[in-house]
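Take a look at the structure set out below.
The values are calculated or read from the model by the stated rules, or taken from the named source; none is laboratory data. What you see is a predicted model; the values in this text were computed from it and never measured. Methodologically, a virtual Cβ is constructed for each residue, glycine included, from the backbone with ideal geometry; neighbour enumeration extends over all protein chains shown.
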Amino acid sequence: MAERLSGRALGLLAMTVAVVSFSTSSSLIKWSDSTGSVVAFWRMIGAVIGWWTVIAVTRVRTRRPAPTATTWRLALAPGLAFGANIALFFTAITKTSIAHAEFITALTPLVMLPAGAFFFSERPNWSALRWGLISIVGVTLVLFFGPDQGTASVSGDLLMIGVILLWTTYLLTSKQARAAGVGTLDFMACMMPIGVLTAGPIAAIIAGSDIFGLTAKGWLVVGILTLLTGMLSHGCIVFAQQHIPVATISIMQTAQPALAVFFAFLILGEEVRPPQILGMALVITGLALFTLASSRSATISTPATPVEAV
């Protein structure tokens, strides 16, 4: 019994670390004063080095086989989607407010429910979608009651719509890979370098020769994000999955957008108006109720919110 409680406590701690880590990433991207897509590209390169270092160490210690050709094939579609997603997400963060970006992408689970039913013949609890209406009202408040002299823009908000679509594609295709038996380590090690194939060209198109011209702050952020979100946070989520229910993980992740806005206030001084705070509360409440209602159906797998995009 004590071991079970200890495992649950460690799982909750791991998820707390993951959520807080992901929450700081948006502010760090904007704080870097660098082109978002360029930060994304080098963050992907750092993650490739990190995951393949883990692969090399485990091969030496346990003689673990390298990822197979089948694993690479299954990781192709999610890798391409992930690379494009992170490049657009990092770009959008520099073009709109953290509040707009985080609370638009928070709607991803509402897109995933019908997508899972269509592509995987899942039998979701459709009644759960009614709680999603609360979140949509909340996002509307966040979008339309921002400060007059804020950092939000229509172009940045539209980019976040593309981010949602790409992240949904990643979740759907990665689910296929995991259903085929691909392990977490092999999947991440193959998916990351494939992601460079889309993140790189997007960065080159947006930044041109500046792709090699990161500021000192930019390189610092790349290093922090590589370790913090590229390795530590993903590892914490994988660990948490072994010790606490998926529903608990999903509910904890609903706090990530609000925490991101809090860090944006602390790090960047971004202003938030009272109606937006009400909207944020509605988004979190709606997503939490949506997750709880969805988890009551044994045949639905509630997707994580898009915190793992970074």
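Computed quantities for the displayed model
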{"read-out": "Selection count, the stretch 44-64, where residues are touching a Pro at 6+ places or on another chain (Cβ under 9 Å) and charged (D, E, K, R)", "value": "1"}
{"read-out": "Hits in the stretch 85-110 (condition: surrounded by fewer than 24 Cβ atoms within 10 Å (Cβ to Cβ) and under 20 Å from Thr226 (Cβ atoms))", "value": "Thr94"}
{"read-out": "Subset of the stretch 44-69 that is outside any loop (DSSP other than H, G, I, E, B) and polar (S, T, N, Q) - its residue that is farthest from the chain's Cα centre (by Cα)", "value": "Thr62"}
{"read-out": "Test: residue in the stretch 182-196 that is at pLDDT below 85 and hydroxyl-bearing (Ser, Thr, Tyr)", "value": "yes"}
{"read-out": "Candidates Ile244, Ile224, Ile267, Ile211, filtered to the one that is modelled with pLDDT of 80 or more and touching a Lys or Arg at 6+ places or on another chain (Cβ under 9 Å)", "value": "Ile267"}
{"read-out": "One residue from Ile161, Ile136, Ile205 being among the β-branched types (Val, Ile, Thr), modelled with pLDDT under 85, surrounded by fewer than 18 Cβ atoms within 10 Å (Cβ to Cβ) and in a helix (DSSP H, G or I)", "value": "Ile136"}
{"read-out": "Residues being closer than 13 Å to Ala189 by Cβ and either hydroxyl-bearing (Ser, Thr, Tyr) or modelled with pLDDT of 95 or more (or both) - total across the stretch 50-71", "value": "4"}
{"read-out": "Candidates Ile251, Ile224 - the one that is touching a residue at least 12 places away in the same chain (Cβ under 8 Å) and under 19 Å from Arg43 (Cα atoms)", "value": "Ile224"}
{"read-out": "Residue count, the stretch 86-110 (criterion: of a type in the set (Gly, Ala, Ser) and modelled with pLDDT of 85 or more)", "value": "2"}
{"read-out": "Selection count, the stretch 276-290, where residues are among the small types (Gly, Ala, Ser) and in contact with a Pro (Cβ under 9 Å, 6 or more places away or on another chain)", "value": "0"}
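Yes or no, residue by residue, for (1) surrounded by 16 or more Cβ atoms within 10 Å (Cβ to Cβ); (2) more than 14 Å from Val20 (Cα to Cα); (3) of a type outside the set (S, T, N, Q); (4) in contact with a helix residue (DSSP H, G or I) (Cβ under 7 Å, 6 or more places away or on another chain):
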residue	(1), (2), (3), (4)
Gly230	yes, no, yes, yes
Ser233	yes, no, no, yes
Cys236	yes, no, yes, yes
Thr254	yes, no, no, yes
Ala258	yes, no, yes, yes
Val261	yes, no, yes, yes
Pro275	no, yes, yes, yes
